[in-house]
1. Just to be sure I understand the filter: pairs with C-beta atoms under 9 Å, separated by 6 or more residues or on different chains, first member in the stretch 93-122 and within 21 Å of Val151 (Cβ to Cβ), second member β-branched (Val, Ile, Thr) and not in a strand (DSSP E or B). Which pairs pass?
2. Do you know which of the residues in the stretch 62-74 that are of a type in the set (A, V, I, L, M) and either under 16 Å from Ile45 (Cβ atoms) or in contact with a Gly (Cβ under 6 Å, 6 or more places away or on another chain) (or both) is modelled with the lowest pLDDT?
3. Starting from residues that are over 16 Å from Gln8 (Cβ atoms) and of a type in the set (A, V, I, L, M, F, W, C), keep the ones in the stretch 40-51 and report whichever is most open to solvent (accessible area, probe 1.4 Å).
4. Only residues that are in a helix (DSSP H, G or I) and either surrounded by 22 or more Cβ atoms within 10 Å (Cβ to Cβ) or without any contact (Cβ under 8 Å) to a residue 24 or more places away in the chain (or both): list them for the stretch 54-74, please.
5. Among residues belonging to the stretch 29-39 that are open to solvent by 50 Å² or more (accessible area, probe 1.4 Å) and modelled with pLDDT under 90, point out the one that is nearest to the chain's Cα centre (by Cα).
Amino acid sequence: MIEVEVVQLLVSPVHRLAGRPSAGLPDGPVDDLVDAVRLRRGLGIVGDRYFGRPAHRDASVTLMSEENLPREIAPDADLRHTRRNVLLRGVDIDAYVGSTVVLDTGQGPVVLAVNRPARPCAWMDVTVGPGARRALRDRGGVRCTPLSDGVLTLGPATFGTVDADAAAVRP
């Protein structure tokens with residue numbers, strides 16, 4: 001296990017980026033940052049717009065590395081701009097596609113299947129700034145399925161992978 005930090009958590013009960021990016025940001029609250037999230041196995045984050053939706057079961061939780069935020073474009077960029085759920089510091093989460101990972105913020109381990117990259121869309125050039133979509137290519141985070149129930153909170157955490165053959169956690 002390696003030491004990481006959960007920097008931000010975002011739960012968005014409704015889809016806020018509707019319409020075309022060329023029309024600009026829609027009106028409405030955009031601050032869905034929280035101190036803790038509750039995950040349910042196979043369903044996602046309780047209270048999030050993708051919770052329990054069959055079309056999003058393999059992508060109901062998104063993780064992103066803070067180190068990959070395009071700070072040169074927007075120094076204040078965070079989860080409110082990228083619309084990911086969990087912002088981690090200290091691990092290149094994009095390198096774990098195809099893995100099963102464990103994240104523990106002190107409330108017990110949460111196991112996640114890292115299914116595929118979270119590809120940046122045209123909205124990134126609106127919410128973050130011009131050029132963000134290109135800057136986030138192959139660094140936009142990952143889409144996951146929770147394989148266990150659990151809680152994630154802000155702050156220090158441990159991170160590792162699960163060796164499927166030995167069912168052991170590895171750093």
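The values are calculated or read from the model by the stated rules, or taken from the named source; none is laboratory data. In this text, all values refer to a predicted model and were calculated from it rather than measured experimentally. All Cβ positions, even for glycine, are placed from backbone atoms using ideal geometry, and neighbour counts span all protein chains on display. Each accessible area value is taken on the protein alone, full model and side chains, heavy atoms only, with ligands, DNA and RNA left out. Shrake-Rupley method; radii C 1.70, N 1.55, O 1.52, S 1.80 Å.
1. Final answer for the pair search is Val101/Val91; Val101/Ile93; Val114/Ile93; Val114/Val97.
2. We begin by selecting, within the stretch 62-74, every residue of a type in the set (A, V, I, L, M); these are 63-64, 69, 73-74.
Filter once more, so that each one left must be either under 16 Å from Ile45 (Cβ atoms) or in contact with a Gly (Cβ under 6 Å, 6 or more places away or on another chain) (or both): 63-64, 73-74.
Working: Leu63: 96, Met64: 93, Ile73: 76, Ala74: 69.
The selected residue is Ala74.
3. Phe51
4. Start the filter on the stretch 54-74 by keeping residues that are in a helix (DSSP H, G or I), which leaves 54-59, 66-68.
Across the stretch 54-74, the qualifying residues are Pro54, Ala55, His56.
5. Leu33
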